[in-house]
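Participant: Take this structure first; my questions come after.
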Amino acid sequence: MKNGFPEDFLWGGAIAANQTEGAFLEEGKGLTTVDLLPTGEKRFPIMLGNLPSFYPIEGEYYPSHEAIDFYYRYKDDIALFAEMGFKALRLSISWARIFPNGDDVEPNEAGLRFYDNLFDELRSKGIEPVVTLAHFDVPVHLVETYGSWKNRKLVHFFEKYAKTVFERYKNKVNYWLTFNEINMLLHLPFVGAGLVFEEGENELQVKYQAAHHQLVASALAVKAGHEINPDAKIGCMLAAGMTYAYSSNPNDVWDAMNKDRESFFFIDVQSRGEYPGYAKRFFQENAIELTMNEEDEEILKNHTVDYIGFSYYSSRVTSTDPEIQENTTSGNVFGSITNPYLEKSEWGWTIDSKGLRITANQLYDRYQKPLFIVENGLGAIDEVNSNGEVNDDYRIEYLRAHIHEMQEAINDGVELIGYTSWGPIDIVSASTGEMKKRYGYIYVERDNEGNGTLKRMKKKSFEWYKKVIDSNGENI
Ligand code: BG6
């Protein structure tokens, strides 16, 4: 079969503000939700919505505060991305750099200038910025004062933020994404939507109300983005990965379908423009009552996304058999039963390259819109050997297999805009806050406790990915 990658395929990497920038309160930036996530045992309960304090607690280590110092080192890092031949860099804007409290009347000029310089730097190297508006960070003031996305007011604040950056960067940015992994809201509600639960609150009701607000905000952002720049491509972003039925028992198959629908629910609204029937039934059966404004249906219908961005790390497996259910594994925080046919990463995430082809086909069959793989990669422990090298053959192997399946998906007829692998430079892990869970082609000397020089170093995969891009996916 021929090499299916289009000439203008966007090869590159993906990062997020909170996992790279650091400088967490510099030049006017406000505190964001991620700045309240320490490493270690206390992290996970907060991610679920049990927040002990609206301020960082003395004695805890908060990895986002310095991260990998990208705020000050971005020029050098971009030079390395350019050396690999990147056509695109996916990154996010930190909302609290632009509106430190989220509800400010005027934006913070220093924050706007930072991203001006960053986008200029990328453009000067021929790298297309692909920009996420919200990647897991809500200004803390909005959480404390309004209850974050529980509150309809967030729709307005987000719309204002979106309009501000669309206007400012209309000549610099063509590709946008609204909410990173919007379905994560159901699994890690503090991470996805800044939700903090109060005693006795109906969590399901709160989550879906917040989801409705984000969906309307996303549609309003699409509207504004198109009005400001009719050529802008504005996408949604799903934490994807098909759910397989453990057996051919129809109950398992039905269960698998419903697990996928939990996630598709968001994209069905963002891409098709309306609440699907299965969601309405789910709301009814779970006594979920959404408060909607009269105009919401029309907003959702008229401002659907241009493309579907998604992350892919793992497929999942489900079963209705209680005995089989006991054998679970982690996987991008989605619970899953262990797949007996597949290996796992050091963090228990199932490795399933074929699953990428399956997932891409599944999404394309469902939405018939261009897809963009905006995250994929292997989080692994890297050792620097006595010659100062990192020989990350396992990473090359993982990526090679996934790129091969991506090519197969293109040959299946899936329209694919690009591939930005996750963390092309080592960054802070979103789920654990660790540095030792590394994804990069570039090593960053920094450990889990924040020690290290932050020096950058090319790994073996650096030269490999460079060749992949240079040959437009021919030479993997
Ligand atoms: C996705 C997120 O869930 O997975 C990223 O969008 C995250 O922010 C990535 O970093 C990998 O997860 P982790 O926990 O290994 O960093």
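Participant: Name the residues in the range 419-473 that are basic (Lys, Arg), farther than 21 Å from ASP35 by Cα and surrounded by fewer than 22 Cβ atoms within 10 Å (Cβ to Cβ), would you?
Facilitator: LYS455, ARG456, LYS458, LYS460, LYS466, LYS467
Participant: Residues to consider are TYR439, TYR341; find the one that is among the hydroxyl-bearing types (Ser, Thr, Tyr) and within 15 Å of the ligand (Cβ to nearest atom).
Facilitator: None of the others qualify; the one that does is TYR439.
Participant: Now a separate question. Going through the range 395-435 one residue at a time, which ones are within 12 Å of the ligand (Cβ to nearest atom) and charged (D, E, K, R)?
Facilitator: ASP426, GLU434
Participant: Only one of (1) in contact with a strand residue (DSSP E or B) (Cβ under 8 Å, 6 or more places away or on another chain); (2) over 30 Å from LYS207 (Cβ atoms) fails for VAL105. Which number is that?
Facilitator: Result: VAL105 fails condition (1) only.
Participant: Separate question: May I ask you to verify whether PHE119 is assigned to a loop (DSSP other than H, G, I, E, B) and under 16 Å from ALA14 (Cα atoms)?
Facilitator: It is false that PHE119 is assigned to a loop (DSSP other than H, G, I, E, B) and under 16 Å from ALA14 (Cα atoms).
Participant: Any idea how many residues of the range 267-291 are aliphatic (A, V, I, L, M), surrounded by 15 or more Cβ atoms within 10 Å (Cβ to Cβ) and in a loop (DSSP other than H, G, I, E, B)?
Facilitator: Final tally of qualifying residues: 2.
Participant: Looking at (1) more than 16 Å from the ligand (Cβ to nearest atom); (2) more than 16 Å from LEU186 (Cβ to Cβ); (3) small (Gly, Ala, Ser); (4) crowded, with 20+ Cβ neighbours inside 10 Å, which is the only condition SER314 fails?
Facilitator: Checking SER314 against (1) more than 16 Å from the ligand (Cβ to nearest atom); (2) more than 16 Å from LEU186 (Cβ to Cβ); (3) small (Gly, Ala, Ser); (4) crowded, with 20+ Cβ neighbours inside 10 Å, the one that fails is (1).
Participant: Inspect the range 370-393 for any residue being more than 11 Å from the ligand (Cβ to nearest atom) and either of a type in the set (Lys, Arg) or touching a Pro at 6+ places or on another chain (Cβ under 9 Å) (or both) and give the result as yes or no.
Facilitator: no
Participant: In the range 456-476, which residues are part of a loop (DSSP other than H, G, I, E, B), in contact (Cβ under 8 Å) with a residue 40 or more places away in the chain and touching a Lys or Arg at 6+ places or on another chain (Cβ under 7 Å)?
Facilitator: Hit for the range 456-476 is ILE476, nothing else.
Participant: Evaluate the following for ILE288: is it modelled with pLDDT of 95 or more and more than 16 Å from the ligand (Cβ to nearest atom)?
Facilitator: Judged against the criteria, ILE288 is a match.
Participant: Here's a check for you: in the range 317-328, which residue that is under 30 Å from ARG438 (Cβ atoms) and either more than 24 Å from the chain's Cα centre (by Cα) or among the hydrophobic types (A, V, I, L, M, F, W, C) (or both) is nearest to the ligand (Cβ to nearest atom)?
Facilitator: Among those residues, the one meeting the criterion is VAL317.
Participant: Please state which one of GLY331, GLY309 is small (Gly, Ala, Ser), under 17 Å from the mean Cα position of the chain (by Cα) and modelled with pLDDT of 95 or more.
Facilitator: Unique residue meeting the criteria: GLY309.
Participant: While we're looking at this one, here's another question. So, ASP103, is that one of a type in the set (D, E, K, R), modelled with pLDDT of 95 or more and part of a loop (DSSP other than H, G, I, E, B) or not?
Facilitator: Spelling it out, ASP103 is indeed of a type in the set (D, E, K, R), modelled with pLDDT of 95 or more and part of a loop (DSSP other than H, G, I, E, B).
Participant: On to the next question. Restricted to the range 13-49, and to residues that are within 11 Å of the ligand (Cβ to nearest atom) and β-branched (Val, Ile, Thr), which residue is nearest to THR145 (Cα to Cα)?
Facilitator: Restricting to residues being within 11 Å of the ligand (Cβ to nearest atom) and β-branched (Val, Ile, Thr), the top hit is VAL34.
Participant: Listed residues PHE86, PHE119, PHE24; which is among the aromatic types (Phe, Trp, Tyr), over 29 Å from GLU449 (Cβ atoms) and without any contact (Cβ under 8 Å) to a residue 60 or more places away in the chain?
Facilitator: PHE119
Participant: So if I check each of PHE190, PHE197, which one is within 16 Å of the ligand (Cβ to nearest atom) and either modelled with pLDDT of 95 or more or basic (Lys, Arg) (or both)?
Facilitator: Only one candidate passes the filter, namely PHE190.
Participant: For the range 77-85, state whether one or more residues are farther than 30 Å from GLU405 by Cα and surrounded by 15 or more Cβ atoms within 10 Å (Cβ to Cβ).
Facilitator: No - not one qualifying residue is present in the range 77-85.
Participant: Another one. May I ask you to verify whether ALA401 is surrounded by fewer than 22 Cβ atoms within 10 Å (Cβ to Cβ), assigned to a helix (DSSP H, G or I), at pLDDT 95 or above and under 23 Å from the mean Cα position of the chain (by Cα)?
Facilitator: Here the answer is yes, as ALA401 does meet what is asked.
Participant: If the Cβ limit is 8 Å and pairs must be 6+ apart or interchain, which residue in the range 425-449 that is on the phi < 0 side of the Ramachandran plot and assigned to a loop (DSSP other than H, G, I, E, B) pairs with which residue that is near the ligand (Cβ under 7 Å from one of its atoms) and among the polar types (S, T, N, Q)?
Facilitator: ILE427/GLN19; VAL428/GLN19; SER429/GLN19; ALA430/GLN19; SER431/ASN332; MET435/SER429; LYS437/SER429
The values are calculated or read from the model by the stated rules, or taken from the named source; none is laboratory data. Quantities reported herein were computed from a predicted structural model and do not represent experimental measurements. Backbone-built Cβ (ideal geometry, glycine too); neighbour counts: all protein chains shown.
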